[in-house]
Amino acid sequence: MSLAAIDELLGRPVSLRALALLRVFAGAVVLLHLRPFLSDASHGRIYSDAFYEPYAAWYPELPRDLYVALLWLGAAAAVAMALGLLTRLATSATFAIVAYNLFLSTTHFHNNRAYLVIVLGVLAVAPCGRELSVDAWLRRRRGKLALDPRAPAWPLWLLRLECAAIYAASGTSKLLDPDWFGGTVTWQRVVRARDELGVLPDWMVSLLTDRDFHTGAAKVIVLTELFIASGLWWRGTRYAAVWIAVVFHVTIEASASVQVFSVLGVAVLLVWAVPSTRDRVLRFDPADDLQRRLAASVRALDWLARFRVEPGPRLEVADRDGTLVREWPAVAFALSRLPLTAWFALPALLHPAVRRARRAVATDVVVVEGG
Amino acid sequence: MSRLKVIGRRAAVLTVVVAQLAFIVRGYFTDHKPFAFQMFPESSTWRADVVRVTSDGRRVPIEQPWAGYRWDELAPDRGLPRPSVRHHADAGLDNQLAFLRSALDWVADNTPRDRETRYLEARVTSWHNADRPRIRVFRSHVREVAW
């Protein structure tokens with residue numbers, strides 16, 4: 001790839017809708033992240049009251065009252081960031097405060113917090129307040145023209161790189177460790193936590209504590225992480241990678257204490273949506289009650305602005321390449337493109353009827369256009 | 001499009017990518033692994049008998065409060081509050097024991113009412129994954145005890 005092509009890729013104006021939506025979720029994640037610090041502070045305890053270890057002697061530390069005030073300012077900034085109120089300022093302040101707090105002590109460091117700082121850093125440099133924000137609403141109310149929701153793509157690429165790097169780094173570190181790849185690590189962890197498996201049926205406990213099971217399971221885990229890291233980059237594997245990533249995060253959340261990692265990890269998957277908006281059309285028959293409800297649901301849940309929803313002669317979805325899908329396969333397709341329902345609906349796209357419908361209608365379109 | 005913006009974009013992306021790769025590589029060689037994203041790295045476990053060695057030579061377990069201090073209040077995080085209980089090294093053994101060593105120094109430095117402890121000592125037994133146990137002794141620096 002030439003330098004000119006890279007410049008074009010980084011500078012090409014794209015929709016930052018995904019980052020705007022991520023900004024909303026990230027604000028909530030920051031509140032979750034700050035909660036234990038604020039809870040301690042409200043009980044009169046801060047980090048320096050117990051063992052802590054600065055990364056560098058020169059790193060500035062604030063007086064107690066100022067530090068506590070900064071934490072509360074961080075929480076307020078996170079709320080403003082989520083709402084999109086003074087978005088650029090709020091996002092930058094949230095990033096600065098969360099990063100400052102993270103680097104105060106080695107004891108503050110956790111992978112999920114590092115990931116959060118990266119996400120906030122990208123959001124702080126991206127103009128992600130032009131949509132889904134109080135700022136945009138106020139602008140409309142004052143009768144001003146809406147700002148172009150498109151912007152150069154480089155922050156989106158940066159976050160995609162970071163997202164993939166995290167799965168790749170984690171998977172590679174396990175791949176290179178014979179104890180991990182051979183199953184010793186997972187087997188020992190499960191065996192030592194045997195008491196916590198009491199809620200599971202006996203056969204499952206027996207399976208999970210079997211050494212041979214982990215010889216295979218560890219490889220599945222490592223390859224899953226590496227598949228997510230690489231699969232996100234190709235259109236043909238992206239949906240599978242996203243689907244598996246959600247399962248992966250839910251499994252981690254259920255089996256380990258990872259603070260905000262799971263919710264953040266799933267939220268960041270939004271950045272893998274194609275950065276264009278309203279390039280698919282959902283047509284519905286307004287006379288049909290069910291279709292009307294579906295259209296209303298799609299409008300309400302289409303947080304990434306994938307669809308134009310229009311009245312038409314029958315229920316159908318026109319994909320961005322012109323492919324038409326009709327009737328219930330159209331429902332499955334539409335739901336597979338909405339953030340909240342995608343995970344449930346994506347497997348339906350593998351159903352032979354849906355695949356046939358897409359192929360058949362695509363052929364029809366080609367024939368019609370060719371004629 | 002200004003040339004400066006194009007170069008700025010290139011520089012920003014390149015800096016982040018290079019820094020991220022550097023952090024990932026660095027994580028294989030350091031106790032603390034910021035931005036290396038090595039998750040659930042080991043099943044290693046550890047335990048330690050931590051004592052205060054006083055100026056008259058007594059070895060007092062830190063499970064006993066002293067001079068108004070309690071170990072679990074001085075080191076409440078990072079798996080340190082109950083070192084005598086064997087437990088998992090969440091972020092790996094090197095990371096966990098680096099925290100323990102630093103905690104010994106921090107406690108030695110931040111317990112001004114304690115006028116008898118010369119140093120703290122931890123006799124650590126660690127099990128790296130399925131390896132045989134290894135025993136190590138860590139000491140804080142020696143305190144200047146007011147006589």
Checked segment A:124-138 for anything at negative phi and either away from every other protein chain (no Cβ under 14 Å) or at pLDDT below 95 (or both); matches are A:Cys128, A:Gly129, A:Arg130, A:Glu131, A:Ser133, A:Val134, A:Asp135, A:Ala136, A:Trp137, A:Leu138
By residue number, the members of segment A:225-270 that are surrounded by fewer than 16 Cβ atoms within 10 Å (Cβ to Cβ) and in contact (Cβ under 8 Å) with a residue 12 or more places away in the chain are A:Ser230, A:Trp233, A:Val250
Residue count, segment A:96-118, condition within 14 Å of chain B (Cβ to nearest Cβ), part of a helix (DSSP H, G or I) and among the small types (Gly, Ala, Ser), comes to 2
For segment A:139-149, check the following and say yes or no: at least one residue is modelled with pLDDT of 95 or more, in the same structural domain as A:Arg23 (by TED's automatic domain parsing) and touching a Gly at 6+ places or on another chain (Cβ under 8 Å). no
The lone condition A:Ala305 fails out of (1) under 19 Å from A:Tyr115 (Cα atoms); (2) part of a loop (DSSP other than H, G, I, E, B) is (1)
Contact list, first residue from segment A:312-324 and within 15 Å of A:Arg278 (Cβ to Cβ) and at pLDDT below 95, second anywhere and buried (at least 16 other Cβ atoms within 10 Å of the Cβ) and of a type in the set (D, E, K, R), beta-carbon distance below 6 Å, six or more apart or interchain, is A:Asp319/A:Arg280; A:Arg320/A:Arg280
Counting only helices (runs of 4 or more DSSP H) wholly inside segment A:152-202, the ones holding at least 2 residues that are buried (at least 21 other Cβ atoms within 10 Å of the Cβ) and in contact with a Phe, Trp or Tyr (Cβ under 6 Å, 6 or more places away or on another chain) are A:154-175
Of the residues in segment A:320-361, those that are touching a strand residue (DSSP E or B) at 6+ places or on another chain (Cβ under 6 Å) and assigned to a loop (DSSP other than H, G, I, E, B) come to A:Arg320
Practice item. Kindly check whether there is at least one residue in segment A:259-272 that is over 19 Å from B:Phe37 (Cβ atoms) and either in contact with a strand residue (DSSP E or B) (Cβ under 9 Å, 6 or more places away or on another chain) or at pLDDT 95 or above (or both). Key: yes
Here the residues within segment A:1-38 that are within 13 Å of chain B (Cβ to nearest Cβ), assigned to a helix (DSSP H, G or I) and among the small types (Gly, Ala, Ser) are A:Ala4, A:Ala5, A:Gly11
>> Condition first: modelled with pLDDT under 95 and assigned to a helix (DSSP H, G or I). Can you find one or more residues in segment A:275-285 that meet it?
In response: no
Note on segment A:39-95: residues free of Cβ contacts under 8 Å to residues at least 24 places away in the same chain, in a loop (DSSP other than H, G, I, E, B) and over 21 Å from B:Pro81 (Cα atoms) are A:Ala56, A:Ala57, A:Trp58, A:Pro60, A:Leu62, A:Pro63
Only one of (1) touching a residue at least 24 places away in the same chain (Cβ under 8 Å); (2) touching a helix residue (DSSP H, G or I) at 6+ places or on another chain (Cβ under 7 Å) does not apply to A:Leu208, and that is (1)
Here the residues within segment A:147-171 that are more than 19 Å from the chain's Cα centre (by Cα) and more than 8 Å from every other protein chain (Cβ to nearest Cβ) are A:Leu147, A:Asp148, A:Pro149, A:Arg150, A:Ala151
Counted residues in segment A:254-274 being assigned to a helix (DSSP H, G or I) and either closer than 15 Å to A:Thr341 by Cβ or polar (S, T, N, Q) (or both) come to 5
Filtering segment A:172-213 for residues that are among the small types (Gly, Ala, Ser) and either closer than 21 Å to B:Asp90 by Cα or facing chain B (nearest Cβ under 10 Å) (or both) leaves a count of 4
Contact list, first residue from segment B:51-78 and over 18 Å from B:Arg139 (Cα atoms) and within 12 Å of chain A (Cβ to nearest Cβ), second anywhere and in a loop (DSSP other than H, G, I, E, B) and of a type in the set (A, V, I, L, M, F, W, C), beta-carbon distance below 6 Å, six or more apart or interchain, is B:Pro76/A:Ala50
Only one of B:Ala36, B:Ala91 is touching a residue at least 24 places away in the same chain (Cβ under 8 Å) and buried (at least 17 other Cβ atoms within 10 Å of the Cβ), namely B:Ala91
Going through segment B:1-30 in order, the residues found to be of a type in the set (A, V, I, L, M) and within 10 Å of chain A (Cβ to nearest Cβ) are B:Met1, B:Val6, B:Ile7, B:Ala12, B:Val13, B:Leu14, B:Val16, B:Val17, B:Leu21, B:Ile24, B:Val25
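The values are calculated or read from the model by the stated rules, or taken from the named source; none is laboratory data. For clarity, every value in this text was computed on a predicted model and none was experimentally measured. Because the Cβ atoms are built from the backbone with ideal geometry, glycine has one as well, and the counts that use them run over all protein chains shown.
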